[in-house]
Amino acid sequence: ERKVRYYENRHQQIANRMVVISPMVDKHAYPVAKKLGIEIHSHAEEFEI
């Protein structure tokens, strides 16, 4: 969430979603990401704008 706030301040735009793209995500991270409203994708091709 800190990176999102940094982006918003730096570019003067509001981020409408938070996304993590990583081939390896710990299984314990999924519930935390869901709670924080973060989308998790394992490959950039899965991600739709």
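What follows is calculated from the coordinates using simple rules that are stated; it is not laboratory data. Worth saying up front: this structure is predicted, and the values here are computed from it rather than measured. Here the Cβ positions follow ideal geometry from the backbone for every residue, glycine too, while neighbour counts run over all protein chains shown.
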**OP:** Grab the other residues whose beta carbon is less than 15 angstrom from that of Ile49, score K and R as +1, D and E as -1, and report the net.
**Re:** -3
Subject >> Ratio of Rg to Rh over the chain (Cα coordinates, Kirkwood Rh, two decimals) >> reply: 1.00
Original post:
Any idea which of Val20, Tyr6, Ile38 is furthest toward the positive side of the dipole for the chain, if Lys and Arg beta-carbons carry +1 and Asp and Glu beta-carbons -1?
Top reply: Tyr6
Subject >> All aspartates and glutamates inside 13 Å of Lys34 as judged from Cα atoms, apart from same-chain residues fewer than 8 positions distant >> reply: Glu1
**OP:** With an 8 Å cut-off on Cα pairs and a minimum separation of 6 or more residues, tell me the relative contact order of the chain in percent.
**Re:** 34
